[in-house]
Structure formats: structure tokens, C-alpha cells
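Worksheet for the structure shown next.
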Amino acid sequence: MNIQIIYSRKHLLHHPKWEIFYGKKISHSEQPGRIESITKSLQQIGINKFTTPETFSLKEIYKIHQKNYVDFIKNSCKKLKNEETLYPSFFIIDTYTPLQKGTFLSARESVNCALTGAKLLLNNENLVYSLCRPPGHHAESNKMGGYCYFNNAAIAAQYLSNLGKVVILDIDFHHGNGTQRIFYDRKDVFYISIHADPVKIFPYFSGFLDETGVGEGKGYNKNFPLSLGTGEKVYKKTLEITLNIVKNFNPKFIVVSAGFDTYINDPIGGFKLTIPFYKAIGKEIKSLNIPTLIIQEGGYNIKDLGKLAVSFLEGLAT
Ligand code: SP5
Ligand code: ZN
């Protein structure tokens with residue numbers, strides 16, 4: 001399989017215990033085992049060589065996030081003791097996204113994974129998979145949320161956009177409110193998302209059909225909210241519509257915000273996609289024949305996550 005995988009062990013420094021859901025502490029879905037499930041399955045199909053990310057300047061993060069927001073995360077984490085957790089009351093959109101001592105380092109390394117992948121595309125690589133954790137697409141310029149701290153896909157897309165137009169195709173179950181907002185007034189980075197209807201599902205306030213961009217960016221943001229219970233037939237049709245939009249836009253690069261929480265057995269999702277269907281999604285994206293950076297977003301069925309990723313890559317790379 002002709003694909004580069006970017007992986008760092010530093011994601012292990014972030015291991016949130018609880019999220020607060022309707023006033024109750026429940027166990028946190030976004031666990032280190034997610035990425036370990038993927039690396040294990042990759043090894044089982046003979047992919048043993050993972051690239052360790054290089055360290056990029058914080059300036060790359062400041063291009064997308066406000067410095068006072070980045071400083072807030074950095075300083076809050078530094079003050080925390082080993083097993084302490086902070087649920088911030090500002091710079092945040094929900095009660096699901098706690099800080100721990102290792103969160104800053106982990107989130108920064110997640111950005112490094114994304115940027116290392118982007119740099120490889122600039123060096124003529126065609127397909128790279130960055131095993132980003134924590135995820136990123138809910139993070140706004142000055143807000144964390146939805147388990148996300150820094151917007152990995154947005155930072156990578158910004159980096160790539162110096163060389164040409166970029167499409168961010170977001171196939172996570174949830175709408176990427178952060179990515180949408182960051183590029184809402186731009187026409188050189190087109191955000192397209194297929195996700196669960198925000199009337200029912202997080203992030204609730206963003207991801208509706210009529211959000212199409214503003215100013216220069218008008219027409220360069222497209223949302224495809226789908227009902228809970230959506231199955232493969234409707235999903236495939238929707239994907240084909242989005243890929244036609246991509247073709248017409250003719251970008252130099254595609255960044256895929258890849259969440260596997262659209263899986264039928266995902267513990268927090270609500271679509272009905274099966275393991276082999278991810279191969280079909282991969283094939284469709286591959287048929288565009290455009291250099292592609294895959295950024296890991298959500299997906300919470302730890303047992304099957306590796307199988308989902310492998311199925312997706314089989315479609316993309318073979
Ligand atoms: C990156 C990503 O996929 N973030 C998703 C954040 C959505 N969190 C919503 C909170 C869901 C609470 N879990 C309820 C579990 C009930 N068993
Ligand atoms: Zn998600």
C-alpha cells in the first residue's frame with residue numbers, strides 16, 4: 001500500500017477520564033486506545049513503518065488560533081498536577097473537553113502530525129494519513145470543544161493553501177464547526193461537510209444547509225446535514241454530490257477530516273455505515289486523483305476502529 005502514516009506516542013499524554021453530559025460525569029469517549037487500535041490493525045496488514053512527526057513552530061498554530069487562546073491552554077496545563085483535570089469556563093463551547101497536564105503537549109503534537117503530513121504532500125507524496133489525537137475539527141480560533149483543542153485539519157489546510165486551492169472534506173459524524181468558521185470568509189479553502197443534522201446532534205449551533213460562507217467566501221462552504229439513521233445508499237449519493245463539487249472547484253490538495261463515528265456500531269454516532277463501506281468511500285475519494293491528506297478526527301468504537309481505518313485505506317490506496 002503506497003501510503004505514509006504519521007504517528008507519535010505523545011497522544012498518550014492526554015487521557016481524559018470524564019465528560020460532563022447533562023450534568024452527570026460519564027466516562028470520556030476520546031481515549032488513547034483509539035489510535036492504538038488503528039496502529040495495531042495497520043501492523044496486521046503489514047504497515048509497520050510509521051513516520052514520527054517533525055516539530056513545527058507555534059507560529060503555524062497562531063495562523064489559525066488566537067495567541068491568547070493558545071497561551072491559556074499552555075499555562076492552564078502547566079499549572080495542573082498529574083492527575084488533576086480542569087473544565088475551563090471560558091475559551092470553550094461545551095463540558096466535554098477537559099484539560100490535563102499533558103493536554104497541551106499532546107494537542108501540539110497532534111498539530112505536528114497534521115503539518116508533517118501536509119509537508120509530505122508538498123514534497124510530492126500523494127497520500128498521507130496523519131494519526132492525529134486529540135482530534136481538531138470542533139476547535140475554533142479561540143475556543144476548544146467536542147474533544148478538540150487545536151484544529152489540525154485547518155492548520156494543515158492553511159499550510160497547503162500557500163501553494164494552491166484546498167478542499168477540506170469533513171466526513172466525521174459531527175459537523176466541524178471550527179473548520180467552517182475559520183475558513184468561512186475565504187474562497188481559497190472550500191469546506192464541505194457531511195454530518196448528522198445539528199438540530200439533534202452536537203454541535204447543535206452549526207452545520208445547517210443555509211450556512212454557505214460570507215463575503216469572498218460566499219459559496220465556498222457547503223453543509224450536508226443528514227438524518228439520524230442514515231444508511232449507505234443515501235450516504236453514497238451525498239458523497240457523490242460532494243465529490244462533484246470538489247471536481248468543479250479543482251483544488252490542488254484535499255484534506256479529509258476523517259471521523260469513523262458514522263459507523264453503525266459507534267457508541268456516540270447515529271448513522272448505519274458498515275466496515276466494507278469505508279472502502280467504497282476511500283475509492284470514491286481516490287478517483288478524484290488529487291493529493292490527499294487524511295486527518296484523523298472522531299470514531300469511538302475502539303474495538304473496530306482499526307478495521308474501519310484499514311477498510312478506508314484499502315479504497316484509497318489500492
Ligand atoms: C471529534 C468528535 O467526534 N467530537 C465529538 C464530540 C461530541 N461529543 C458529544 C457528547 C456525547 C456524549 N456522549 C454520550 C454518551 C452516552 N452513552
Ligand atoms: Zn465526531
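The values are calculated or read from the model by the stated rules, or taken from the named source; none is laboratory data. Source: prediction; values computed, not measured. Neighbour counts are summed over all protein chains in view; Cβ atoms, including those assigned to glycine, are modelled from backbone coordinates with ideal geometry. Heads up: the accessible areas ignore ligands, DNA and RNA and are worked out on the full protein's heavy atoms, side chains in. Shrake-Rupley method; radii C 1.70, N 1.55, O 1.52, S 1.80 Å.
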Among the residues of segment 272-285, is there at least one that is away from ligand 1 (no atom under 16 Å from the Cβ), without any contact (Cβ under 8 Å) to a residue 12 or more places away in the chain, in contact with a strand residue (DSSP E or B) (Cβ under 9 Å, 6 or more places away or on another chain) and not in a strand (DSSP E or B)? no
Give the residue that is nearest to LEU86 (Cα to Cα), with candidates limited to residues of segment 149-180 that are among the hydroxyl-bearing types (Ser, Thr, Tyr) and open to solvent by 10 Å² or more (accessible area, probe 1.4 Å). TYR159
On the given criteria, is ILE245 touching a Ser or Thr at 6+ places or on another chain (Cβ under 9 Å), open to solvent by less than 50 Å² (accessible area, probe 1.4 Å) and either part of a helix (DSSP H, G or I) or more than 16 Å from ligand 2 (Cβ to nearest atom) (or both)? no
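Could we say that GLY178 is within 11 Å of ligand 1 (Cβ to nearest atom) and part of a loop (DSSP other than H, G, I, E, B) here? Full working, then the answer.
Values: within 11 Å of ligand 1 (Cβ to nearest atom): yes; part of a loop (DSSP other than H, G, I, E, B): no.
No, not satisfied.
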Is segment 100-109 home to any residue that is crowded, with 24+ Cβ neighbours inside 10 Å, within 16 Å of ligand 2 (Cβ to nearest atom) and part of a helix (DSSP H, G or I)? no
Across segment 82-123, which residue is farthest from ligand 1 (Cβ to nearest atom) among those that are more than 29 Å from SER206 (Cβ to Cβ) and free of Cβ contacts under 8 Å to residues at least 24 places away in the same chain? ASN123
Apart from one, (1) under 21 Å from the mean Cα position of the chain (by Cα); (2) modelled with pLDDT under 95 all hold for GLU83; the odd one out is (1)
Residue pairs meeting the criteria (Cβ under 6 Å; at least 6 apart or on separate chains; first away from ligand 2 (no atom under 16 Å from the Cβ), in segment 185-211; second part of a loop (DSSP other than H, G, I, E, B)): ASP185/VAL214; LYS187/TYR220; ASP188/SER161; ASP188/LYS165; VAL189/SER161; VAL189/PHE183; PHE190/TYR220
Take segment 40-64 and flag every residue that is open to solvent by less than 80 Å² (accessible area, probe 1.4 Å) and more than 17 Å from GLU109 (Cα to Cα). SER41, LEU42, ILE45, GLY46, ILE47
For segment 133-148, which positions are open to solvent by less than 10 Å² (accessible area, probe 1.4 Å) and either on the phi > 0 side of the Ramachandran plot or assigned to a helix (DSSP H, G or I) (or both)? GLY145, GLY146
Restricting to segment 1-59, give me the number of residues that are basic (Lys, Arg) and part of a loop (DSSP other than H, G, I, E, B). 2
Scan segment 249-266 and give yes if some residue there is part of a helix (DSSP H, G or I) and either under 25 Å from GLY145 (Cβ atoms) or open to solvent by 10 Å² or more (accessible area, probe 1.4 Å) (or both), otherwise no. yes
Does PHE224 fit the bill of being within 14 Å of ligand 2 (Cβ to nearest atom) and open to solvent by less than 40 Å² (accessible area, probe 1.4 Å)? no
Test: THR52 is β-branched (Val, Ile, Thr), touching a Lys or Arg at 6+ places or on another chain (Cβ under 9 Å) and within 29 Å of PHE183 (Cα to Cα): yes
